[in-house]
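Peer 1: Structure provided below as structure tokens; questions to follow.
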Amino acid sequence: LPGMQTSRSKPCSCPSFKLREVASMYFTMIAVFLVILVVALQGSVPRGSDFPYKVPLDPQGLLELSWNVSYPEQAVHFQLLVRDLQFGLLFGMSDRGEFENADLAVLWSDGHNSYFGDAWSDAKGQLHMDSQQDYQLLGARRAPEGLYLLFRRAFSTCDPKDYLIEDGTVHLIYGILEKPVHSLQAINISAIHRGLQRVQLLKPNITVPELPSNMKTMEITAPDVVIPSQETTYWCYMAELAEGFPKHHIIMYEPVITAGNEALVHHMEVFQCAAEFDSFPHYNGPCDSKMKPDRLNYCRHVLAAWAMGAQAFYYPEEAGLAFGGPGSSRYLRLEIHYHNPLVFKGRRDSSGIRLYYTATLRRYDAGIMELGLVYTPVMAIPPGEDAFLLTGYCTDKCTQLALPAAGIRIFASQLHTHLAGRKVVTVLSRDGRERQVVNADGHYSPHFQEIRMLKEVVAVFPGDELITTCTYNTEDRSRATVGGFGILEEMCVNYVHYYPQTQLELCKSAVDPGYLHRYFNLVNRFNDEEVCTCPQVSVPQQFFSVPWNTFNRDVLKSLYGFAPISMHCNKSSAVRFPGEWEKQPLPTITERLRGPVPRCPPTPGPRPAAPVPLNLGELRRD
């Protein structure tokens with residue numbers, strides 16, 4: 001090399017010193033590179049604090065998922081702990097938890113060699129290696145507790161075979177390979193142990209408020225109950241505050257889960273009872289039991305709600321949820337949903353919710369307002385629909401009358417439908433133009449409902465409109481689904497959490513009953529089968545007798561899209577604000593919000609559609 005001197009002046013037949021030096025440096029660099037590669041793939045397990053969110057995937061807790069969200073990178077980092085690795089696993093996402101048309105990361109082994117790859121399944125469930133490898137393996141390591149897999153996935157990959165990770169519910173799916181397989185295509189997903197777990201992957205990046213020094217805690221927990229040996233149980237337990245408990249502000253709450261039951265406690269809620277009753281009976285048992293006192297149905301005011309995978313819930317620094325004091329019931333109802341698909345027997349549980357509260361009241365009381373549709377059968381969904389929309393309105397006339405001049409600030413939201421619900425969205429409209437999405441869940445599940453903190457606070461001013469639309473699927477039903485309280489009836493609700501609290505507790509709508517009566521008359525005139533619209537026949541019965549041909553479906557959709565509405569602009573006493581609320585015109589929207597444009601990550605160059613080999617040793621053969 002230029003400038004280099006050697007100590008020998010005579011030529012030598014053996015390789016020169018500088019050639020040996022270059023060769024040595026070359027092989028040393030190769031060795032170092034290999035060491036770095038091995039460390040990268042077999043590196044130490046990241047600290048638990050690096051993955052703040054955690055959820056068990058399966059009921060036995062054999063698969064535990066932790067993750068973090070990087071909004072600057074627009075990516076999610078996953079850490080999957082496999083406690084009892086056999087011959088591999090599948091992990092991925094799909095629209096509603098199906099294994100067909102799914103986006104998957106797959107680890108498989110033939111018993112000697114192991115591989116990791118990004119795959120997808122077709123409409124028949126056959127697996128294919130993805131031509132674009134977007135599940136990026138970052139590390140794999142065995143530990144005493146099991147195998148850790150660390151991998152990364154961008155929110156959007158612009159790969160048509162990939163799932164778009166977005167706000168709201170994500171249906172995670174998993175499968176465990178119990179036998180060796182010689183190729184990805186040899187995996188038969190219908191023959192493996194598999195399941196799904198719902199989570200909110202894209203948690204909001206919220207700064208945790210500073211908590212006061214005089215904060216106290218209260219645990220509302222199940223009293224060491226025996227979880228019933230059945231798949232689904234809703235358990236109710238009545239608790240009460242001390243006599244004369246003064247007004248406090250709840251400023252935070254978090255789950256308390258009995259160790260070992262993390263995979264069984266699906267979701268929990270604490271409700272406050274109606275103040276109109278002086279007392280409520282004690283009860284500890286299934287919520288659907290005939291022994292449950294009817295009065296417990298008046299405990300519906302949500303104080304706290306948690307679902308699997310959720311973290312602690314914080315109120316903004318300037319607001320707290322009031323409980324205790326005059327006009328507030330001291331009776332509380334804890335409701336726990338146990339999901340026990342393996343039908344464990346004799347498992348005891350003392351899970352619940354820990355409330356953090358303070359006697360030093362914050363500047364504002366937080367309030368909860370109901371948006372969406374009134375619980376009434378005049379809003380109905382025909383049978384056999386794959387995506388039928390119903391919309392509820394909180395009109396400018398109501399917000400003009402009921403909201404303070406400075407407006408309110410919405411900081412959290414809980415969406416709610418019954419079993420046919422598939423999507424829910426609430427949009428803020430001002431002067432006829434859609435301005436902002438309050439909350440949206442394009443993969444909504446009625447089996448996964450939680451109060452979600454919003455990424456940014458939404459300011460609502462007098463004259464604004466809040467429009468809530470729900471999408472329903474009734475392909476498995478043979479008759480109309482009407483609005484109502486029953487589980488086979490439907491709801492469309494957004495419980496928004498806001499401050500400062502106002503008198504407005506409910507801002508919802510339904511189609512004008514007179515226009516619906518005209519619809520039934522029209523059906524009578526244009527169909528051979530008679531639909532009775534006599535006063536003695538209920539609205540549900542009229543809907544049940546409609547012959548659901550294309551004409552009747554289309555006319556009903558049209559009716560809901562133009563007919564005047566009955567507005568419920570209600571105070572907390574369930575009394576409407578003064579004014580004319582019947583036959584109100586639908587809000588006019590002149591400008592719609594544009595949907596978000598997926599951001600494609602920069603293309604790093606062609607990556608071969610080939611799996612990554614892993615050195616995990618010989619895997620177990622039973």
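The values are calculated or read from the model by the stated rules, or taken from the named source; none is laboratory data. Please read all numbers here as calculations on a predicted model, not as lab measurements. When we count neighbours, we look across all protein chains shown, and the Cβ atoms used for this are built from the backbone with ideal geometry, even at glycine. Only protein heavy atoms, including side chains, enter the accessible area calculation; ligands, DNA and RNA are left aside. Shrake-Rupley method; radii C 1.70, N 1.55, O 1.52, S 1.80 Å.
Peer 1: Per Stokes-Einstein, at 37 °C and 0.692 mPa s, what whole-number D in µm² s⁻¹ belongs to the stretch 372-571, with the Kirkwood radius over Cα pairs as the hydrodynamic radius?
Peer 2: Working: Rh = 17.6 Å.
Approximately 186 µm²/s, per Stokes-Einstein.
Peer 1: Quick one: divide the alpha-carbon radius of gyration of the stretch 117-158 by 2.2 N^0.38 Å and tell me what you get.
Peer 2: Dividing the Cα radius of gyration by 2.2 N^0.38 Å gives 1.46.
Peer 1: Dipole of the chain, Cα-centred, from +1 at each Lys and Arg C-beta and -1 at each Asp and Glu C-beta, to the nearest 20 debye?
Peer 2: The dipole of the chain has a size of about 1480 debye.
Peer 1: Still on this structure, I have one more. Along the charge dipole of the chain, which of Ala609, Met252, Leu419 sits closest to the positive end, that is, farthest toward it, with unit charges on the beta carbon of Lys, Arg, Asp and Glu (+1, +1, -1, -1)?
Peer 2: Ala609
Peer 1: Work from the charge dipole of the stretch 239-325 (Cβ charges, +1 for Lys and Arg, -1 for Asp and Glu, about the Cα centre) and give the residue of Pro293, Gly320, Leu303 farthest towards its positive end.
Peer 2: Positive-end residue among those listed: Pro293.
Peer 1: Using a 1.4 Å probe on the protein chains only, how many percent of the accessible area of the chain belongs to carbon and sulfur?
Peer 2: 53 percent
Peer 1: So how do 110-118, 238-246 stack up, highest first, on mean other-Cβ count within 10 Å? Intermediate results must be reported in sequence, preceding the final value.
Peer 2: Working: 110-118: 18.4, 238-246: 12.9.
Order by mean packing, descending: 110-118, 238-246.
Peer 1: If DNA, RNA and ligands are ignored and the probe is 1.4 Å, what is the ranking of Tyr356, Tyr315 by accessible area, most exposed first? It would help to have the intermediate numbers written out before the result.
Peer 2: Working: Tyr356 35, Tyr315 5 Å².
Most to least solvent-accessible, the answer reads Tyr356, Tyr315.
Peer 1: Expressed as a rounded percentage, what relative contact order does the stretch 372-571 have, with Cα pairs under 8 Å and six or more residues apart?
Peer 2: 32 percent
Peer 1: Now a separate question. Give the residues of the stretch 139-177 whose amide nitrogen is closer than 11 Å to a point set 7 Å from the Cα of Arg83 in the direction of its Cβ.
Peer 2: Taking a point 7 Å out along Cα→Cβ of Arg83, the residues of the stretch 139-177 whose backbone N falls under 11 Å are 145-146.
Peer 1: Let me spell out the model: positive unit charges on the Cβ of Lys and Arg, negative unit charges on the Cβ of Asp and Glu, origin at the Cα centre of the stretch 455-603. What dipole size does that give, in debye rounded to 20?
Peer 2: With only Lys, Arg, Asp and Glu charged at Cβ, the dipole is about 280 debye.
Peer 1: Please calculate how many Å² of accessible area the chain carries per residue, with a 1.4 Å probe and no DNA, RNA or ligand atoms counted.
Peer 2: 48 Å²
Peer 1: Quick one: of Lys216/Lys290; Lys54/Lys423; Lys508/Lys557; Lys124/Lys423; Lys161/Lys423, which pairs are farther than 28 Å apart, Cα to Cα?
Peer 2: Lys216/Lys290
Peer 1: Volume per residue, Å³, of the convex hull around the alpha-carbon atoms of the chain? Could you put the intermediate results ahead of the total?
Peer 2: Numbers: hull volume 143.9 nm³, N = 622.
Spelled out: Cα convex hull of the chain, divided by residues, is 231 Å³.
Peer 1: Search the structure for amide H atoms under 5 Å from the amide H of Ala420, placed 1.01 Å from N in the peptide plane, and list their residues when 5 or more places away or on another chain.
Peer 2: Close amide H contacts, sequence-distant or interchain: none at all.
Peer 1: Taking Cα pairs under 8 Å and at least six residues apart, what relative contact order does the chain come out at, in percent?
Peer 2: Relative CO of the chain lands at 14 percent.
Peer 1: Rounded to the nearest 0.05, what FRET efficiency do Val537 and Arg194 give with R0 = 35 Å and r taken as the Cβ-Cβ distance? Could you check?
Peer 2: 0.15
Peer 1: Which order do the peptides 163-172, 70-79 come out in when sorted by mean C-beta neighbours inside 10 angstrom, highest first?
Peer 2: 163-172, 70-79
Peer 1: Once amide H atoms are built 1.01 Å from N in the peptide plane, which residues 5 or more positions from Leu85, or in another chain, come under 5 Å H to H?
Peer 2: Here the answer is Leu147, since their amide H atoms fall under 5 Å of that of Leu85.
Peer 1: Still on this structure, I have one more. Which one of Ile173, Gly432, Ser538 has its Cα pushed farthest toward the positive end of the charge dipole of the chain, where Lys and Arg give +1 and Asp and Glu give -1 at the Cβ?
Peer 2: Value: Ile173.
Peer 1: How high is the relative contact order of the stretch 53-203, in percent, with contacts defined as C-alpha pairs under 8 Å that are six or more residues apart?
Peer 2: 26 percent
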